[in-house]
Amino acid sequence: MNLKEKITSKTARVGIIGLGYVGLPLAIHFAEAGFFVTGFDIDRQKVEKLNRGESYIKHIPSSRLTSHLSHFTATTDTDRLKEMDAIIICVPTPLTDKREPDMQYIENTAKVIAKNLRTSQLISLESTTYPGTTRELLLPLLESNGLKVGKDFYLVYSPEREDPGNKKYNTKNIPKVVGGITKACLEMGISLYSSIVKEVIPVSSTEVAEATKLLENIYRAVNIALVNELKILFDCMGIDVWEVINAAKTKPFGFKPFYPGPGLGGHCIPIDPFYLSWKAREYGLNTKFIELAGEINTSMPHYILQRTIDALNDRGKALKGSKILILGVAYKRDVDDDRESPAYAIMDLLIKRGANVFYNDPYIPYLKKSRKYDFGLTSSKLTEKFLKEMDAVIIITDHSSYDYQWILKNSNLIIDTRNAINSPNKGKVIKA
Ligand SMILES: NC(=O)c1ccc[n+]([C@@H]2O[C@H](COP(=O)([O-])OP(=O)(O)OC[C@H]3O[C@@H](n4cnc5c(N)ncnc54)[C@H](O)[C@@H]3O)[C@@H](O)[C@H]2O)c1
């Protein structure tokens, strides 16, 4: 049986490298579609947990794993890549301390695949990255063992469009863009992805597919920066930006709402645009929109800090020595992912100015040490007494499980960065 026949009959063995927020749901999705899936990860604890049928991601119930354990297994043993017919790479693509693309995860993965590469395998890169990665970085590493792309093996790029926690759109109904190094590669990629998603969008090259993902994320970063800037201006003018957006979005064409907040968070929007800025320098170009959006979005925690200082000052209090509760540290509503959360930049600014900072997040019981921060805090229990003791509560993440009216009733002062309090009490609630 050739690779295409194996895919069509779902006897192709699928390997997913990197069992994180992208790789794990994708692996489960292939297993649910009837494929035999092997997940590869360097994190032994994660692998052991998954093999016991335990999910470690809030929005992926363990039952989805346990009911497909006959079709899914996780391993740290990369020699098993040889057994795979299709290999999908979902490893991290962060920025270095100098805010340049950190390609070590893709490079390391490419090297282990190259060691195990055999004829008729399909390799797909899904990690978000700059245009040119698949052809310039991945391909030479894979061909280093003598096999030829398009003839001996197939290579495609297909960006992930996961929106964690979104109840309407999931892996199956989000169209999947695919670009191949050669025509044969593209055809094989279309064949693989059509077996798990409703619609595959073929594009003419891996570069177009890579650029598509970046356009989508840059579009979000720039539009969020725009509303963040307008929020500050409108506030000075006595205009509520939320009311303006809600009115503007009634226009049935030409306008898509974006909402202001305390700054950008998550693994994508604060990071991905800078993959393109970095690549643009190779062409002697500056990506001014990306830089400006980055500047505005990263200044938002300072704005929230200033609004908090002003609100306390109006009540005759200094930030120094005040008790401040941060409500929600996940980067967005109803998820348990706190990567790049603006909550941490705000907490750091508050602590440096002498505030006593506490936090509550139903999905993040304690704060792990990160490259930048080590708060050593656990989530405080929300009680009437505790809320009353706080000088200010800053709503960073508007989780739907919070009872906002109860929080409003028991708090002295609320800085609301998400418009979470529906019936604002002007004396108590500062929309920021
Ligand atoms: N999280 C999202 O919502 C999202 C959405 C779209 C695209 N992406 C992109 O997808 C990629 C993965 O993101 P994520 O959020 O799933 O990351 P993640 O950190 O949740 O998961 C990555 C996994 O890869 C593993 N890993 C690292 N190096 C490895 C190696 N050499 N071999 C095997 N496993 C390895 C890690 O242990 C981890 O489990 C990134 O490029 C990201 O930009 C993420």
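Any idea which residue in region 309-331 is farthest from the ligand (Cβ to nearest atom), counting only those that are farther than 14 Å from Val393 by Cα and buried (at least 21 other Cβ atoms within 10 Å of the Cβ)?
Across region 309-331, the extreme among qualifying residues is Ala330.
Within region 1-59, which helices (runs of 4 or more DSSP H) (wholly inside it) include 3 or more residues that are more than 13 Å from Thr75 (Cα to Cα) and open to solvent by 50 Å² or more (accessible area, probe 1.4 Å)?
Answer list for region 1-59: 3-8.
Based on this model, can you work out whether Leu387 counts as in contact (Cβ under 8 Å) with a residue 24 or more places away in the chain and either in a strand (DSSP E or B) or open to solvent by 10 Å² or more (accessible area, probe 1.4 Å) (or both)?
When the stated conditions are applied, Leu387 does not pass them.
What's the number of the condition Asn246 fails, among (1) open to solvent by 30 Å² or more (accessible area, probe 1.4 Å); (2) touching a residue at least 12 places away in the same chain (Cβ under 8 Å)?
In the conditions (1) open to solvent by 30 Å² or more (accessible area, probe 1.4 Å); (2) touching a residue at least 12 places away in the same chain (Cβ under 8 Å), Asn246 misses (2) alone.
Quick check: anything in region 370-380 assigned to a loop (DSSP other than H, G, I, E, B) and on the phi > 0 side of the Ramachandran plot?
There is at least one residue in region 370-380 that is assigned to a loop (DSSP other than H, G, I, E, B) and on the phi > 0 side of the Ramachandran plot.
Restricting to region 398-411, and then to whatever is in contact with a helix residue (DSSP H, G or I) (Cβ under 7 Å, 6 or more places away or on another chain) and polar (S, T, N, Q), can you tell me which residue is surrounded by the fewest Cβ atoms within 10 Å (Cβ to Cβ)?
So, considering only residues that are in contact with a helix residue (DSSP H, G or I) (Cβ under 7 Å, 6 or more places away or on another chain) and polar (S, T, N, Q), the one surrounded by the fewest Cβ atoms within 10 Å (Cβ to Cβ) is Asn410.
Among Ile324, Ile271, Ile296, which is part of a helix (DSSP H, G or I) and among the aliphatic types (A, V, I, L, M)?
It is Ile296.
Just checking, which of Tyr259, Tyr283 is surrounded by fewer than 19 Cβ atoms within 10 Å (Cβ to Cβ), of a type in the set (Ser, Thr, Tyr) and over 26 Å from Ala343 (Cα atoms)?
Within the list Tyr259, Tyr283, the selection yields Tyr283.
So how many residues does region 60-78 have that are outside any loop (DSSP other than H, G, I, E, B) and within 13 Å of the ligand (Cβ to nearest atom)?
Result for region 60-78: 3.
Just to check your reading of the model, which residue among Ile396, Ile407, Ile351 is touching a Gly at 6+ places or on another chain (Cβ under 9 Å), of a type in the set (A, V, I, L, M) and modelled with pLDDT of 95 or more?
Going through Ile396, Ile407, Ile351 in turn, just one is touching a Gly at 6+ places or on another chain (Cβ under 9 Å), of a type in the set (A, V, I, L, M) and modelled with pLDDT of 95 or more: Ile396.
Starting from region 316-330, take each residue that is at positive phi and list its partners that are at pLDDT 95 or above and surrounded by fewer than 24 Cβ atoms within 10 Å (Cβ to Cβ), counting only C-beta distances under 8 angstrom and pairs at least six apart or across chains.
Pairs that qualify, where the first residue is at positive phi and the partner is at pLDDT 95 or above and surrounded by fewer than 24 Cβ atoms within 10 Å (Cβ to Cβ), are Gly321/Gly354; Gly321/Ala355; Gly321/Asn356; Gly328/Asn360; Gly328/Asp361; Gly328/Asp398; Gly328/His399; Gly328/Tyr402.
Exactly one of (1) away from the ligand (no atom under 11 Å from the Cβ); (2) at pLDDT 95 or above; (3) of a type in the set (D, E, K, R) is unmet by Arg44. Its number?
Result: Arg44 fails condition (1) only.
If Ser70 satisfies every condition in (1) at pLDDT 95 or above; (2) over 24 Å from the mean Cα position of the chain (by Cα) but one, which is the exception?
Ser70 satisfies all of (1) at pLDDT 95 or above; (2) over 24 Å from the mean Cα position of the chain (by Cα) except (1).
Any chance region 346-367 includes a residue that's open to solvent by 60 Å² or more (accessible area, probe 1.4 Å), among the acidic types (Asp, Glu) and touching a residue at least 12 places away in the same chain (Cβ under 8 Å)?
Within region 346-367, none of the residues are open to solvent by 60 Å² or more (accessible area, probe 1.4 Å), among the acidic types (Asp, Glu) and touching a residue at least 12 places away in the same chain (Cβ under 8 Å).
Which ones in region 215-256 are under 24 Å from Phe289 (Cβ atoms) and assigned to a loop (DSSP other than H, G, I, E, B)?
Passing the criteria: Lys249, Lys251, Phe253, Gly254, Phe255, Lys256.
The values are calculated or read from the model by the stated rules, or taken from the named source; none is laboratory data. Every value quoted in this text rests on a predicted model; they were computed, and no experiment measured them. When we count neighbours, we look across all protein chains shown, and the Cβ atoms used for this are built from the backbone with ideal geometry, even at glycine. Ligands, DNA and RNA are stripped out before the accessible areas are found, and what is left, the full protein with its side chains, is counted by its heavy atoms. Shrake-Rupley method; radii C 1.70, N 1.55, O 1.52, S 1.80 Å.
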